[in-house]
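Comments concern the structure below.
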Amino acid sequence: MQAAAIATLSAKVHGRVIDPECSEYDVARKVYNGMIDRYPAAIVYCANVVDVTAAVNFARQERLAVAIRSGGHNGAGFGVCDHGLVLDLSAMKSVTVDPARRTVRVGPGCTQGDVDQATHAFGLAVPAGIVSTTGIAGLTLGGGHGYLTRKYGLTIDNLIEADVVLSNGTFVTANASRHEDLFWALRGGGGNFGVVTGYVYQGHPVSTVYAGPIFWDAKDARLVMQWYREFLMRAPLELCPFLGLKTVPSADPFPKEHWGKKVCALICCYSGPLEHAEEVVKPIRQELPPPILDWIGPMPFPAIQSLFDPLLPTGLQWYWKGDFVKELTDKAIDKHLEFAAQAPSKLSLMHLYPIDGAVHHVRPNETAWSFRDATWSMVIAGIDPDPAKAESLRTWAKRYWEAVHPYTLGGAYINFMMDEGVDRIKATYQGNYDRLLEIKRKYDPTNFFRVNQNIVQTDARSG
Ligand SMILES: Cc1cc2nc3c(=O)[nH]c(=O)nc-3n(C[C@H](O)[C@H](O)[C@H](O)COP(=O)(O)OP(=O)(O)OC[C@H]3O[C@@H](n4cnc5c(N)ncnc54)[C@H](O)[C@@H]3O)c2cc1C
């Protein structure tokens with residue numbers, strides 16, 4: 001991009017514009033996933049809605065692709081692109097809680113932790129993700145699941161309203177009675193429809209929870225997985241136990257004698273009345289072999305939400321693939337155990353997040369997010385700090401995914417996908433894809449917003 005064009009954009013926005021000539025460029029083009037290495041024409045740090053509108057209009061006039069970056073956590077790295085303009089919204093942080101209505105207005109630059117901290121002060125929480133550094137913006141538009149999902153639904157099921165800057169630069173508010181079609185599409189359709197500059201959520205009374213991890217040695221993994229698939233059906237919806245096949249981190253506070261051991265984990269969060277908590281988790285403690293570590297106990301909700309942050313700093317190499325799972329069959333468990341045993345690094349993992357309960361109370365065509373009958377959202381993630389391991393992370397995650405894919409529902413949570421092509425996106429939206437296409441044509445007829453899990457008729461990309 002010409003210096004004159006950069007100067008024009010700089011004059012129009014309050015935030016800084018960083019181009020390849022700036023010393024900050026190499027830092028500014030980075031996203032959370034260290035595997036992503038892209039060179040945008042410029043990065044504009046939007047300070048407010050006016051900046052977003054100016055940047056959208058500028059990119060359209062200059063025929064630049066636009067990458068929207070809020071938390072920058074997207075695995076496929078859609079928060080940055082080659083040659084185009086990155087709209088960085090990280091400075092647009094604000095959280096306003098209305099304790100009477102239990103509603104929460106959030107700016108797109110907020111992380112999960114920003115929202116948790118602010119709502120916790122009022123004894124509330126918004127159902128969303130489980131790692132505090134994740135951007136609430138991208139997480140919401142993909143669907144959003146976490147510890148409160150079984151009880152209160154996906155993040156999109158708690159989205160009341162969204163403010164959006166469209167590709168033609170106009171500003172609209174979408175909710176149940178205004179731009180209903182756009183509101184429908186935003187709830188699961190990702191960043192396809194515009195730049196969301198404000199979100200309003202329904203909060204719920206959640207404060208101190210009974211939560212934490214419990215690990216069993218890998219020799220007990222089959223038994224734990226078989227038990228877990230039955231237990232989930234009888235567990236109260238206030239309890240979210242997600243299952244992981246992992247390795248004990250070689251770091252404090254994990255006991256040294258367990259460092260590097262392969263384990264099967266249940267990471268639990270019970271958000272119901274504390275006096276019932278011990279009783280609710282009792283089956284986990286009584287019906288299974290003795291664990292090597294049991295750290296479940298009372299803690300403030302933001303504490304469980306940030307428990308894994310130190311293990312997952314920005315810049316690690318990530319390659320992940322997902323699928324929705326209805327049943328965890330013995331044959332699928334065989335494959336899980338086979339591939340988990342071959343994990344290429346200590347951070348690599350497989351997680352099964354429950355998406356039953358309240359998620360099933362919404363019909364598949366009520367929002368863009370169609371897999372309302374799945375029991376779990378599965379992710380297989382190859383993770384390591386060392387770029388030299390990138391290929392082995394990718395190979396392991398792909399081979400693992402190929403082995404278990406036949407035992408899944410076929411589509412995946414779009415926020416657990418790399419850039420995998422249109423067939424995978426269609427498989428994810430199932431019967432909702434055609435309506436998404438219609439709404440895309442109405443609100444973004446030129447496919448201006450295409451750096452995402454793109455809703456298009458055809459797509460030559462594959463990953
Ligand atoms: C460590 C980690 C933990 C995670 N845990 C969970 C979890 O518990 N639950 C869960 O559901 N997901 C989880 N995720 C996945 C997460 O939802 C996605 O990575 C999501 O894309 C992150 O959003 P972001 O704003 O940080 O991403 P970004 O990289 O900033 O944005 C990703 C894409 O989202 C769209 N987008 C972002 N902001 C906007 C906006 N304001 N307007 C329009 N489009 C926008 C754009 O298409 C953009 O390219 C996790 C990810 C990581 C890395």
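The values are calculated or read from the model by the stated rules, or taken from the named source; none is laboratory data. Everything numeric here is computed off the predicted structure, so don't read it as measured data. Note that each Cβ is placed from the backbone with ideal geometry, even for glycine, and that neighbours are counted across all protein chains shown. The protein model used for the area step is the full one, side chains on, heavy atoms only, and it has no ligands, DNA or RNA in it. Shrake-Rupley method; radii C 1.70, N 1.55, O 1.52, S 1.80 Å.
Has the stretch 213-226 got any residue that is more than 13 Å from Cys264 (Cβ to Cβ), in contact with a helix residue (DSSP H, G or I) (Cβ under 6 Å, 6 or more places away or on another chain) and surrounded by 15 or more Cβ atoms within 10 Å (Cβ to Cβ)? No; the residues of the stretch 213-226 include none that is more than 13 Å from Cys264 (Cβ to Cβ), in contact with a helix residue (DSSP H, G or I) (Cβ under 6 Å, 6 or more places away or on another chain) and surrounded by 15 or more Cβ atoms within 10 Å (Cβ to Cβ). Just to be sure, is Thr428 within 15 Å of the ligand (Cβ to nearest atom) and open to solvent by less than 70 Å² (accessible area, probe 1.4 Å)? Spelling it out, Thr428 is indeed within 15 Å of the ligand (Cβ to nearest atom) and open to solvent by less than 70 Å² (accessible area, probe 1.4 Å).
Determine which member of the set Ile284, Ile304 is crowded, with 18+ Cβ neighbours inside 10 Å and under 28 Å from Ile156 (Cα atoms). First the steps, then the outcome.
Values: Ile284 fails: under 28 Å from Ile156 (Cα atoms).
Just one listed residue meets the conditions, Ile304.
Against the criterion of being of a type in the set (D, E, K, R), within 16 Å of the ligand (Cβ to nearest atom) and open to solvent by 10 Å² or more (accessible area, probe 1.4 Å), Glu420 qualifies. When the stretch 121-151 is filtered for residues that are surrounded by 24 or more Cβ atoms within 10 Å (Cβ to Cβ), more than 11 Å from the ligand (Cβ to nearest atom) and not hydrophobic (A, V, I, L, M, F, W, C), only Arg150 remains.
Annotation note: Cβ proximity below 8 Å between a residue of the stretch 1-17 that is farther than 21 Å from Asp82 by Cβ and open to solvent by 90 Å² or more (accessible area, probe 1.4 Å) and a residue that is of a type in the set (S, T, N, Q) and not in a helix (DSSP H, G or I) (sequence gap 6+ or interchain) occurs for His14/Asn48. Taking the conditions exactly as written (buried (at least 18 other Cβ atoms within 10 Å of the Cβ) and in contact with a His (Cβ under 6 Å, 6 or more places away or on another chain)), does Leu159 satisfy them or not? Judged against the criteria, Leu159 is not a match.
Search the stretch 174-197 for residues being within 14 Å of the ligand (Cβ to nearest atom) and in a strand (DSSP E or B), and hand back the single one that is farthest from Asn415 (Cα to Cα). First the steps, then the outcome.
The initial filter retains those residues of the stretch 174-197 that are within 14 Å of the ligand (Cβ to nearest atom), namely 174, 182-183, 185-197.
Applying the additional criterion that residues be in a strand (DSSP E or B) yields 174, 195-197.
Numbers: Ala174: 22, Val195: 17, Val196: 17, Thr197: 19 Å.
The qualifying residue farthest from Asn415 (Cα to Cα) is Ala174.
For Arg450, the criteria (1) open to solvent by 30 Å² or more (accessible area, probe 1.4 Å); (2) away from the ligand (no atom under 16 Å from the Cβ); (3) at pLDDT 95 or above; (4) more than 19 Å from Thr367 (Cβ to Cβ) hold in every case but one, which is (2). Taken over the stretch 411-446, the criterion of being at pLDDT 95 or above, under 19 Å from Ala76 (Cα atoms), in a loop (DSSP other than H, G, I, E, B) and not acidic (Asp, Glu) is satisfied by Gly411, Ala412, Tyr413, Met417, Met418. Candidates Val209, Val115: the one that is at pLDDT 95 or above, open to solvent by less than 10 Å² (accessible area, probe 1.4 Å), β-branched (Val, Ile, Thr) and assigned to a helix (DSSP H, G or I) is Val115. In the stretch 302-313, the residues that are closer than 8 Å to Ile130 by Cβ form Cβ pairs under 6 Å with partners that are assigned to a helix (DSSP H, G or I) and more than 9 Å from the ligand (Cβ to nearest atom), at six or more places apart or across chains, as follows: Gln305/Asp116.
Going by the conditions given, is Ala59 surrounded by 20 or more Cβ atoms within 10 Å (Cβ to Cβ), more than 22 Å from Leu141 (Cβ to Cβ) and touching a strand residue (DSSP E or B) at 6+ places or on another chain (Cβ under 6 Å)? In short, no. Six or more apart or on different chains, Cβ under 6 Å: which pairs go from a residue in the stretch 102-116 that's polar (S, T, N, Q) to one that's more than 9 Å from the ligand (Cβ to nearest atom) and part of a loop (DSSP other than H, G, I, E, B)? Could you list them? Matching pairs, first to second residue: Gln112/Ser132. Being within 11 Å of the ligand (Cβ to nearest atom) and either more than 14 Å from the chain's Cα centre (by Cα) or of a type in the set (Gly, Ala, Ser) (or both) is a property that Gly169 lacks.
Just wondering, is there one or more residues in the stretch 321-339 that are under 28 Å from Gly72 (Cα atoms), of a type in the set (Phe, Trp, Tyr) and either open to solvent by less than 30 Å² (accessible area, probe 1.4 Å) or in a loop (DSSP other than H, G, I, E, B) (or both)? Before the answer, list the steps.
First pass over the stretch 321-339, keeping only residues under 28 Å from Gly72 (Cα atoms): 321-325.
Next, from what is left, pick out any that are of a type in the set (Phe, Trp, Tyr): 324.
Subset that is either open to solvent by less than 30 Å² (accessible area, probe 1.4 Å) or in a loop (DSSP other than H, G, I, E, B) (or both): 324.
Yes; the residues of the stretch 321-339 include at least one that is under 28 Å from Gly72 (Cα atoms), of a type in the set (Phe, Trp, Tyr) and either open to solvent by less than 30 Å² (accessible area, probe 1.4 Å) or in a loop (DSSP other than H, G, I, E, B) (or both).
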